[in-house]
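Enquirer: Let me give you the structure first, and then I'll get to my questions.
Computed from the coordinates by the stated procedures, all read-outs in this text should not be read as laboratory data. The shown structure was predicted, so the numbers you read here are calculated from the model rather than taken from an experiment. All Cβ positions, even for glycine, are placed from backbone atoms using ideal geometry, and neighbour counts span all protein chains on display.
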Amino acid sequence: MLTHPHIWAGLALTRPLVMGILNVTPDSFSDGASHAAADTAIAAGVKMLAEGADILDIGGESTRPGAALVSPDQEQARILPVINALAAHGAVISVDTRHAATMAAALDAGARIINDVSALAHDPAALALVAARGCPVVLMHMRGTPGTMNDHAVYENVVTEVLAELAAARDRAVAAGIRPENIALDPGFGFAKRGAQNTALLRATGQFAALGHPLLIGLSRKRFLGEISGEADPARRDPESLAAALFAVGLGAHILRVHDVGGTVRALRVWQILNARDERNLIVRDDG
């Protein structure tokens, strides 16, 4: 497989990329219905682009535990107007979906990337569709479905098992005709993982990066971060999210999937300067 990914989805991986989360749903776990209407979702996407988002990840089906099932038709009605509008703004758009019909419609509307929490296993038509379209894809690790995943969070060794299962999903994709250079991987924090299992995976970020594909990390506002810090409200977990994101980047993560685009972009800018080891890159200010 790949060993040194340099470009993915037309984007250079010379620095960590920021993927902004844009949920066009009434029941997402952290931003609720704030972007449920197309016009407010489009405005939020434009703001994320202005704040420095490299990719916008647009989804129309909540994947939190217990979320209501959404038909592909309903999902498309939510997201296609948003994808059309933001593609016209020049955005690199990822579509967060498990349904092959929605993947096809989103690509036709201007999306460039498929991001599937089931690693293309939910819909029997998904592997062939992504192979035929030749588009970049994010394969995420999950066991079961969003409705049953917490029942599957049982591991003898969470790191070795998730590594093996994610590599197997990658191998299935390649066997189906998806080019290795189009594949990014995501350990799936919070998906069939509880509490300390997520912490163990995060500490093993370097092992996931060593699988040889661009590594996407989705930690933003996750419950396990709140369990560490004591913050029960997901919308108030951006400081925890930034701390975890910078930790992951230090261990080799390539893409950060986040709610707080502006804060993450600014934090990464400081992190990059401090890690540059080149005094010409230091910013010296005299205001104390």
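Enquirer: Among Val138, Val159, what is the fewest-to-most ranking by other Cβ atoms within 10 Å?
Expert: Going from sparsest to densest Cβ surroundings: Val159, Val138.
Enquirer: What does the charge add up to near Cys135, with Lys and Arg as +1, Asp and Glu as -1, over the other residues with Cβ less than 11 Å from its Cβ? Let's see the in-between values first.
Expert: Numbers: positive: Arg112, Arg133, Arg179; negative: none.
Once positives and negatives cancel, what remains is +3.
Enquirer: Tell me the volume per residue, in Å³, of the convex hull enclosing the alpha carbons of region 123-248.
Expert: Values: hull volume 14.5 nm³, N = 126.
Per residue, the Cα convex hull of region 123-248 comes to 115 Å³.
Enquirer: Please tell me the relative contact order of the chain in percent, rounded to the nearest whole number, where contacts are Cα pairs under 8 Å and at least six residues apart. Show your work: numbers first, answer last.
Expert: Working: 546 pairs, mean separation 55.9, N = 288.
Computed value for the chain: 19 percent relative contact order.
Enquirer: Along the charge dipole of the chain, pointing to its positive end and built from +1/-1 on Cβ of Lys, Arg, Asp and Glu, which listed residue (Ala12, Gly147, Leu120) has its Cα farthest out?
Expert: Ala12
Enquirer: Taking amide H atoms as placed 1.01 Å from N in the peptide plane, list the residues 5 or more away in sequence, or in a different chain, whose amide H sits under 5 Å from that of Leu13.
Expert: Ile7, Trp8
Enquirer: Summing Lys, Arg as +1 and Asp, Glu as -1, what charge do residues with Cβ under 14 Å from the Cβ of Gly188 carry, Gly188 excluded?
Expert: Value of the local net charge: +4.
Enquirer: Moving to a separate point now. Would you order Ser241, Ser94 from fewest to most other beta-carbon atoms within 10 Å of each residue's own beta-carbon?
Expert: Details: Ser241 25, Ser94 31.
If I rank by nearby Cβ atoms, fewest first, I get Ser241, Ser94.
Enquirer: Next question, about the same structure. Can you sort Thr102, Thr63, Thr25 from fewest to most other Cβ atoms within 10 Å of each residue's own Cβ?
Expert: Thr63, Thr25, Thr102
Enquirer: If each of Arg194 and Arg236 carries a label point 7 Å out from its Cα toward its Cβ, how far apart are those two points in nm?
Expert: That separation, rounded to one decimal, is 2.5 nm.
Enquirer: With the contact rule set at Cα under 8 Å and sequence spacing of 6 or more, what percent relative contact order holds for region 82-214?
Expert: 22 percent
Enquirer: What size of dipole, in debye to the nearest 20, comes out for region 16-281 about its Cα centre when the only charges are +1 on Lys and Arg C-beta atoms and -1 on Asp and Glu C-beta atoms? Can you show the working numbers first?
Expert: Numbers: 23 positive and 28 negative charges, 84 e Å.
Dipole of region 16-281, to the nearest 20 debye: 400 debye.
Enquirer: Once the other residues with Cβ under 15 Å from the Cβ of Ala253 are scored (Lys, Arg +1; Asp, Glu -1), what is the net sum?
Expert: Around Ala253, the surrounding residues sum to +2.
Enquirer: Another one. Which whole-Hz couplings ³J(HN,Hα) result when phi for each residue of region 86-91 is put into the Karplus expression 6.51 cos²θ - 1.76 cosθ + 1.60, θ = phi - 60°, listed in order with x for Gly and Pro?
Expert: Once θ is set to phi - 60°, the couplings for region 86-91 become 6, 4, 5, 7, x, 5 Hz.
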